Each structure stands twice: as structure tokens, then as C-alpha cells.
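To start, the structure under review is shown below, and the notes come after it.
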Ligand code: HEM
């Protein structure tokens, strides 16, 4: 492992040398877009010497331009998902061993074989078959707010987004509806480990408290499917054979966690940020509600508010990127929150515009780990936006939304609204 406590090379942009990108004070209201703009312009591949809240962690490279993110994403032989974890922190919330039991934390060939088990079920065509069921879940959740007693407003995160996404992914995984809330709590605490509202006891508690509960709950689902195979995704994991071998219990549980976490979190995040943007801009609301720009709303929400601010790789060998030398063993963080606003790709990148038809990197930048759930996420988002705005075209903010404190999950934790101002 290379020495990482000081910048491996002199940075070209003096005043940015000392900047630590993951410093809690920068992230109170979401990603530090102003800093990312500076980095893209003057130091697009930047070295942070440490992570103040986790002094035992190594520093990391920040990759901020779309072109460089694309290069890292596509070169899995140089930039490994398996070597050191998939977020900027290594092992601080979840032990590396558990991260490596999910296929998002594996390199080929095992990654490819595991992912292939699911790919057929996630094509746009197969996912389209689920539209009536997804629409019914969204409609039912929204209709319940009409009462009795009728609600004049709600928290769009807790009362609309969370129950819908939980039931959709829950139905894919074979989770009974009465367990949705418990699974949502476990996923939110694990993924938002650094936010005291999502996880009151701090990051260390995930291994002690949430992980054992996740394993215990999962064991019951696994046992049931060993005896009676079903047609849900949990059954696919339980009965999968890779090179003639069944998955270990740890791999089954963590495969389950990966699908549930991805399904639970990201669509909720994008929906809420997109709804906020529409409520804050009358012209955009009009384009959507009257002009039917729902696909535009989905794509622009994904671009402006990527549900994951970053994913991370670890260099397997020395490499050049953006004029900097990355040493074997160093962390390489791809900031989607920055690359999606790269002015080299998007004009006026901080403006929310549903008529923009832009390619973005919210689902990754086209490499081996490109999101499995793109078709499902797009369908869910469109249905959720349509069902919400059809019922409540004048929906408005009713207080201040709050952002989850995290350099990884990019989402609102509350979004208070009233339906008819
Ligand atoms: C707005 C919604 C979503 C966003 C923005 C999103 C984003 C991402 C990103 C950026 C990655 C790539 C990670 C990397 O480059 O290392 C990823 C991977 C993944 N996503 Fe999504 N995702 C979304 C929804 C979903 C849904 C609904 C599922 C459903 C199960 C899902 C399942 C996965 C899985 C399994 C992977 C790992 C793929 C691999 O390692 O090959 N995602 N997602």
C-alpha cells in the first residue's frame, strides 16, 4: 500500500492543495457544488490528504470531470471495486469482507457471473410488465393521504416516497408488506450511518446493531426459500450456482442487502429532489404538468441530483489521470455529483431544465458496475411523478426541507409539503 497521508505530487492549484473534500461542514446542505466547480476548472483530479471525521482513514483522489469519471469507470483492471471497498471510507461503517460479498464490491469474473443472474429480469421490456403493479402501489399510497382523515399536507419523504419504493422493491424481493417499515429503517440507518436522524448512534453502531438484525431477518427468508423456492429475487440468490457452487450464506444475505438498499434508497432520493425542484420553479412545473414533460423530469432529476454523490475504486497499479499520478493502492473517488454538472458536457449546468436531453452519469459511467436497476428506477420515477402531480398539481413546499448528512447518499430526509396552497 502506498504512503497516503500527504499529497503524492505537488497539486497544480495552490490554494486547493489543502482542501479536504469530505469535511462535514461542507456537506450540511448536500454536495458542495461550488467547490466541485472550482475543482473541475483548476484541479480536476484532486488529492484530499485525509477525512477529518475518520482520522484513521487514508486520503483519496477526487475525480470531478465527466470524461475522467468515464475513464475510471470503464477500466476495472486498473480501478478495482474489490480491493478496498466502494465508498470513500474503507470498513468504517461496514467491514470490507461484507462489502466484497455483494457483487457491487466484486471484480470480474465473479462480478459478471453474479450480475448475469439478475440482468434478464431487469431489461426495460421485462420491467415494463411491472408498470400496473407499480402504479397501483403509488396510487394506493397517495390515496391514503386523502383520508379519512384527509391530510392537507405531508412529508413527501416519509409519507409518499418511502412507502412506495419499499413496497416496490419489497415485492421484487418477496418481503411481506408488514415488514417494509422495518427493512426501510435498517437500510436508512446503514446507508445514512453518519446522519444522526437516520442513525442516532453513529456509524459504529451499524455493525453492532443493524447488521445482526439484517442477518437474522434474512436467515428466515432464506430458510423459507430453501424449502419452497419462489419466483422472487431472494430465491434467485438462494438457488444460484456460480461455477458449480452455491453462494455462501454471507453472499446471499449481502446480495439481498445490495438489491434492497439500491431499490430502497436511490429512487426515493431522486423523486424527492425532483419534486422539490418542480415546486421551486413555476416554469418547470408548467412544462411538466401542462406539457407532459415527465421523461424530461426523470432525466433532469437524475442528472442534477444523482442519488449517490460518489462511488469509489482502488488503484491496482500506478496510473495517470488528468495529469496526476495515481499510485497502486490509492482510493479513487468518482464524484457523480460533480461530473453531472460538468460544464464541458452540460451548458448552464446548475439550472434545472426538464427540456434538456442530456446524457448523465447518475447510474454510473458505463463500466462493468453500471446500475442494474436503471429501467426499474426510470419507470418508478415516472409513475411516482405522474401520480403525485396528477392528484396535486399545485403541491407546494411547506417549510424547509432537510438534507441527509452524507458524502455518499445524496438525498433529502424531510420534504414538508401542502397539497393545495
Ligand atoms: C434513481 C435510482 C438509482 C440510481 C441513481 C442508481 C445509481 C447507481 C450507480 C451510480 C451504480 C454504480 C455504482 C458504481 O459505479 O460503482 C449503481 C449500481 C447498482 N444499482 Fe443502481 N441506482 C438506482 C436504482 C436502482 C434500483 C431501483 C435498483 C434495483 C434493484 C438498483 C440496483 C443496482 C445494483 C444491483 C447495482 C450494482 C451493479 C454492479 O455492481 O454491477 N439500482 N446504481
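The numbers here are math on the coordinates, done by the rules we state, and not lab data. Source: prediction; values computed, not measured. We place every Cβ from the backbone using ideal geometry, glycine too, and count neighbours over all the protein chains shown.
Neighbour counts of C-beta atoms inside 10 Å place 179, 143 in the sequence 143, 179, starting with the fewest.
Bridges between two residues of the chain, per DSSP, are antiparallel at a rate of about 85%. Once C-alpha pairs closer than 8 Å and six or more residues apart are averaged by separation and normalised to the residue number of region 14-418, the relative contact order reads 28 percent. Site pair residue 414 and residue 318 shows an inter-label distance of 5.3 nm when each label is modelled 7 Å from Cα along Cα→Cβ.
Averaged over residues, the count of other Cβ atoms within 10 Å places the peptides 263-269, 114-120 in the sequence 263-269, 114-120, highest first. Averaged over residues, the count of other Cβ atoms within 10 Å places the peptides 251-262, 93-104, 273-284 in the sequence 251-262, 93-104, 273-284, highest first. Length gained on full extension, residue 24 to residue 205, computed as 0.36 nm times the residue gap minus the Cα-Cα distance: 63.3 nm. Modelled spin-label separation between residue 231 and residue 355, with each label point placed 7 Å from Cα along the Cα-to-Cβ direction: 4.4 nm.
Remark: spin-label model distance residue 152-residue 75 equals 5.9 nm, labels positioned 7 Å along the Cα→Cβ axis. Please rank 122, 385, fewest neighbouring Cβ atoms within 10 Å first, as an exposure proxy. Final ranking by Cβ density, sparse to dense: 122, 385. With N counted as the residues of the chain, its alpha-carbon radius of gyration over 2.2 N^0.38 Å works out to 0.96.
Scaled to the globular estimate 2.2 N^0.38 Å, the Cα spread of region 67-215, given as radius of gyration, is 1.27. Each Cα pair under 8 Å and six or more residues apart adds its sequence gap; the mean of these over the residue count of region 190-287 is a relative contact order of 14 percent. The Cα center of region 279-352 and the Cα center of region 357-421 differ in position by 14 Å. With neighbour counts taken as other beta-carbon atoms within 10 Å, the residues 271, 79 rank, fewest first, as 79, 271.
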